[in-house]
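Asks: First, the structure itself, so that you have it in front of you.
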Amino acid sequence: MKEKEIVDVTIIGAGVIGLAVASKVAGKKRKVYVLEKNDTFGQETSSRNSQVIHAGLYYPPASLKAKTCVEGNRMLYAIGEKNNGVAFNKLTKIVIATSEWEVGKLEALRKNGIDNGVMGLLLLSRQETKRLEPNVEARAALFVPSTGVIDGHGLMKFFLQKAKDKGAQVVYRSKVTDIAKTNTGYVVETQEGKEKFDFLTRVLINCAGLGADKVAAMAGIDITRAGYRLHYCKGEYFSVSGGKRKLVKRLVYPVPLPELAGVGIHVTLDLDGRMRLGPGVEYVKEINYKVDEKKKPFFYASVKKFLPDLTLEDLEPEMAGIRPKLQGPGEKQKDFIIRHEIDKGLPGLINLIGIESPGLTASPAIAKIVGNMVNEVL
């Protein structure tokens, strides 16, 4: 019988997280594979988001989301500043209050941000907010200087090239169909077209994004008992057309309401200065990227109170993304899962599950954590 090929590290998923991890763990004479079921990298959550470099305001102190977001924010700017072909713009942002209740929430947000290590947060009066953004109506605002936007595709290309330069091999159109634990690692079965292949890997890293819970189940974890089951949460975006795209110069966010599964419909700008509103929040059963034009009045109403010059006719459907959330509708926010599953009797299996926002921002910091886990195994 032919002996199976032996690989040191296999990463499932070539989104921004999988590629960042590959760029970190490759090298050291390791044989590293990255498996991606799609035709190329970053075709799902990684490319269907607002491309914002988040500051770290919203997450509970000491959570993985808070720690990796704040560290990742600094790391991303460092990558961009070294001229790695990764365009970015440190646009800054304001979180605006339109009622007295929201004014009180701004101070709580500022304190949470400070506890997380976010620098330079300033509370602004109505007049100070008007000076920054003349077209925005607000009673007060929180100024966040470390928020920006980044070329997510360029970032993924950077991580991909770094991984390849260190010897990693990326295999597209390769869907993982089975995982079997052995005494020396994991036998991974893949389907490439009509052909099936299998090989042995000493370390298996699950960066499968929307399919991460299914991969964990394949590896032998009871995902319901472990709390790993994912819920698809759709976020739609509407673009702002014509001259209205110049209404703001920076990102404008509302104060998030407690019942929201996101941070509310906000105004973002991309690197070309295009303005869009989103994302919405809708739990769905299936992956579908169609934007429902009937939701336009809701998006318009969400921002009209602080952008009064906007009209319904200025909005056009743009795109949608799906977030892999660990919490279901009405449940409290849950943290990232980044775990070496040795205590479950699965040494060498590292699961990354529920990596939604701020995953893009956190990607290099998450890769650092996973890199340390791999170094402990190999």
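The values are calculated or read from the model by the stated rules, or taken from the named source; none is laboratory data. For clarity, every value in this text was computed on a predicted model and none was experimentally measured. Cβ coordinates were reconstructed from backbone atoms using ideal geometry, including for glycine residues, and neighbour counts include every protein chain displayed.
Residue-wise test of (1) in contact with a helix residue (DSSP H, G or I) (Cβ under 7 Å, 6 or more places away or on another chain); (2) over 29 Å from A97 (Cβ atoms).
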{"position": "N288", "(1), (2)": "no, yes"}
{"position": "F298", "(1), (2)": "no, no"}
{"position": "A301", "(1), (2)": "no, no"}
{"position": "K305", "(1), (2)": "no, no"}
{"position": "E316", "(1), (2)": "no, no"}
{"position": "I338", "(1), (2)": "yes, yes"}
{"position": "D343", "(1), (2)": "no, yes"}
{"position": "T361", "(1), (2)": "yes, no"}
{"position": "I366", "(1), (2)": "yes, yes"}
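Asks: Name, by its number, the condition in (1) closer than 24 Å to R276 by Cβ; (2) in contact (Cβ under 8 Å) with a residue 40 or more places away in the chain; (3) outside any helix (DSSP H, G or I) that does not hold for Q43.
Replies: That leaves (2) as the condition not met.
Asks: Moving to a separate point now. Could you please find all residues in region 134-165 being surrounded by fewer than 20 Cβ atoms within 10 Å (Cβ to Cβ), in a loop (DSSP other than H, G, I, E, B) and out of contact with any helix residue (DSSP H, G or I) (no Cβ under 7 Å at 6 or more places or on another chain)? Lay out the reasoning, then the answer.
Replies: Residues of region 134-165 that are surrounded by fewer than 20 Cβ atoms within 10 Å (Cβ to Cβ), as a first pass: 134-135, 137, 139, 143, 145, 151, 153-154, 157, 161-162, 164-165.
Subsequent filtering for residues that are in a loop (DSSP other than H, G, I, E, B) retains 134-135, 137, 139, 145, 151.
The answer is P134, N135, E137, P145, D151.
Asks: Looking at (1) touching an Asp or Glu at 6+ places or on another chain (Cβ under 7 Å); (2) buried (at least 19 other Cβ atoms within 10 Å of the Cβ), which is the only condition L204 fails?
Replies: Tallying (1) touching an Asp or Glu at 6+ places or on another chain (Cβ under 7 Å); (2) buried (at least 19 other Cβ atoms within 10 Å of the Cβ), L204 fails exactly one: (1).
Asks: Considering (1) free of Cβ contacts under 8 Å to residues at least 60 places away in the same chain; (2) surrounded by 15 or more Cβ atoms within 10 Å (Cβ to Cβ); (3) at positive phi, say which one V281 fails and leave the rest.
Replies: Going through the list (1) free of Cβ contacts under 8 Å to residues at least 60 places away in the same chain; (2) surrounded by 15 or more Cβ atoms within 10 Å (Cβ to Cβ); (3) at positive phi, V281 breaks only (3).
Asks: Could you list, in sequence order, all residues of region 167-183 that are part of a loop (DSSP other than H, G, I, E, B), in contact (Cβ under 8 Å) with a residue 40 or more places away in the chain and out of contact with any Ser or Thr (no Cβ under 7 Å at 6 or more places or on another chain)? Quick ask: steps written out before the conclusion?
Replies: Of region 167-183, the ones part of a loop (DSSP other than H, G, I, E, B) are 167-168, 172-174, 183.
Subsequent filtering for residues that are in contact (Cβ under 8 Å) with a residue 40 or more places away in the chain retains 167-168, 172-174.
G167, A168, R173 - these are the residues of region 167-183 that are part of a loop (DSSP other than H, G, I, E, B), in contact (Cβ under 8 Å) with a residue 40 or more places away in the chain and out of contact with any Ser or Thr (no Cβ under 7 Å at 6 or more places or on another chain).
Asks: For L307, are the conditions met, namely being assigned to a loop (DSSP other than H, G, I, E, B), over 21 Å from Y232 (Cβ atoms) and not assigned by TED's automatic domain parsing to the domain that holds A26? Give the steps one after another, and end with the answer.
Replies: Numbers: assigned to a loop (DSSP other than H, G, I, E, B): yes; over 21 Å from Y232 (Cβ atoms): yes; not assigned by TED's automatic domain parsing to the domain that holds A26: yes.
In short, yes.
Asks: Spot the failing condition for I96; the list is (1) over 25 Å from D309 (Cα atoms); (2) in contact (Cβ under 8 Å) with a residue 12 or more places away in the chain; (3) outside any loop (DSSP other than H, G, I, E, B), and only one is missed.
Replies: (1)
Asks: Being surrounded by fewer than 19 Cβ atoms within 10 Å (Cβ to Cβ), in a loop (DSSP other than H, G, I, E, B) and in contact (Cβ under 8 Å) with a residue 12 or more places away in the chain, is that true of even one residue in region 315-323?
Replies: No, there is no match, as no residue in region 315-323 is surrounded by fewer than 19 Cβ atoms within 10 Å (Cβ to Cβ), in a loop (DSSP other than H, G, I, E, B) and in contact (Cβ under 8 Å) with a residue 12 or more places away in the chain.
Asks: Something else now. Which residue out of A140, A108 is under 17 Å from G264 (Cβ atoms) and within 25 Å of the chain's Cα centre (by Cα)? Explain how you work it out, then say what you get.
Replies: Details: A140 fails: within 25 Å of the chain's Cα centre (by Cα).
Criteria check complete, one pass: A108.
Asks: Taking into account only those residues within region 327-354 that are over 16 Å from N73 (Cβ atoms) and of a type in the set (A, V, I, L, M, F, W, C), which is surrounded by the most Cβ atoms within 10 Å (Cβ to Cβ)? Show your work before the answer.
Replies: Taking region 327-354 as the starting set, the residues that turn out to be over 16 Å from N73 (Cβ atoms) are 327-335, 337-354.
Next, only the ones that are of a type in the set (A, V, I, L, M, F, W, C) stay: 337-338, 342, 346, 349-350, 352-353.
Values: I337: 19, I338: 19, I342: 14, L346: 20, L349: 26, I350: 24, L352: 28, I353: 26.
Result: L352.
Asks: Within the bounds of region 85-92, is there any residue that is closer than 30 Å to L307 by Cα and surrounded by 19 or more Cβ atoms within 10 Å (Cβ to Cβ)? Reasoning before the result, please.
Replies: Taking region 85-92 and keeping what is closer than 30 Å to L307 by Cα, we get 87-92.
Okay, now just the ones that are also surrounded by 19 or more Cβ atoms within 10 Å (Cβ to Cβ), so 88, 91.
For region 85-92, residues closer than 30 Å to L307 by Cα and surrounded by 19 or more Cβ atoms within 10 Å (Cβ to Cβ): present.
Asks: Taking E293, is it surrounded by fewer than 17 Cβ atoms within 10 Å (Cβ to Cβ) and either out of contact with any Lys or Arg (no Cβ under 7 Å at 6 or more places or on another chain) or closer than 24 Å to K332 by Cα (or both)?
Replies: Details: surrounded by fewer than 17 Cβ atoms within 10 Å (Cβ to Cβ): yes; either out of contact with any Lys or Arg (no Cβ under 7 Å at 6 or more places or on another chain) or closer than 24 Å to K332 by Cα (or both): yes.
Yes.
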